[in-house]
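The values are calculated or read from the model by the stated rules, or taken from the named source; none is laboratory data. Quick caveat: nothing in here was measured; it's all calculated off a predicted structure. Cβ coordinates were reconstructed from backbone atoms using ideal geometry, including for glycine residues, and neighbour counts include every protein chain displayed. SASA here: full protein model, heavy atoms, side chains in, ligands and nucleic acids out. Shrake-Rupley method; radii C 1.70, N 1.55, O 1.52, S 1.80 Å.
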Amino acid sequence: ERKNTSFPPIGYLSCKFIPMNPVTIRTATLKDLDTLLGFERGIMEFERPIDSTIKEGDAHYYDLAALITSPDAEVVVAEQDGELIGSGYAHIIDSKSYLKHQKHAHMGFMYVKPDHRGKGVNQMIIETLQQWVLSKDFNEFRREVYHNNASAINSEETACFIPLLLEMRMELPVKKPQ
């Protein structure tokens, strides 16, 4: 009886193996700010078609410099071969007065460069932020995601986030003066 010792196995769709250099997650510094602002623009460009209420032009979701220097926030970057390829933050904020917990960690600024998506970089960022939140003695971790951003929802559900609240909006017609 002859054994098939070839790899890949016969009938297996083969692909070229390209070793990937490791991705490291580290705390962001102010020296990273220019790249991080580019990541923020990337997030906003993606989300503008989803949310027509986002201002055109030079708008910002985050005060990244303040977050980087805040003791109540952790901004992290994913780096590979000296290149920043992703980002995220956790920020300890006040919770709504009706909730059981007085404060919680809010996760945001989740971005991975297109060429590096689907490789687990986002999950590495989330795991790093989870560890930071736990180190601050918090266990409530929240994230806002657009309802029709399927890739973000899938990524967060993979990290064990569960959908909680759907915010809804309506634009009312404005009466023109006569």
By residue number, the members of segment 69-97 that are among the β-branched types (Val, Ile, Thr) and more than 22 Å from Glu156 (Cα to Cα) are Thr69
Look at Asp63 and say whether it is modelled with pLDDT of 95 or more and open to solvent by 50 Å² or more (accessible area, probe 1.4 Å). yes
Under 6 Å between Cβ atoms, which residue pairs at least 6 apart in sequence (or on different chains) link something in segment 53-66 that is farther than 22 Å from Met170 by Cβ with a partner that is open to solvent by less than 40 Å² (accessible area, probe 1.4 Å) and of a type outside the set (Lys, Arg)? Tyr62/Phe109; Leu64/Leu36
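Listed here are the residues, each with its yes/no results for (1) surrounded by 15 or more Cβ atoms within 10 Å (Cβ to Cβ); (2) more than 25 Å from Glu79 (Cβ to Cβ); (3) free of Cβ contacts under 8 Å to residues at least 12 places away in the same chain.
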{"site": "Asn122", "(1), (2), (3)": "yes, no, no"}
{"site": "Ile126", "(1), (2), (3)": "yes, no, no"}
{"site": "Gln131", "(1), (2), (3)": "no, no, yes"}
{"site": "Phe141", "(1), (2), (3)": "yes, no, no"}
{"site": "Tyr146", "(1), (2), (3)": "no, yes, no"}
{"site": "Ala150", "(1), (2), (3)": "no, yes, yes"}
{"site": "Ser155", "(1), (2), (3)": "yes, no, no"}
{"site": "Ala159", "(1), (2), (3)": "yes, no, no"}
Any chance Tyr111 is in contact with a Gly (Cβ under 8 Å, 6 or more places away or on another chain) and among the hydroxyl-bearing types (Ser, Thr, Tyr): yes
Test for His91: is it in contact with a helix residue (DSSP H, G or I) (Cβ under 9 Å, 6 or more places away or on another chain), closer than 26 Å to Lys136 by Cα and surrounded by 13 or more Cβ atoms within 10 Å (Cβ to Cβ): yes
Assess whether Leu172 counts as being open to solvent by less than 80 Å² (accessible area, probe 1.4 Å), farther than 17 Å from Glu40 by Cα and part of a loop (DSSP other than H, G, I, E, B). no
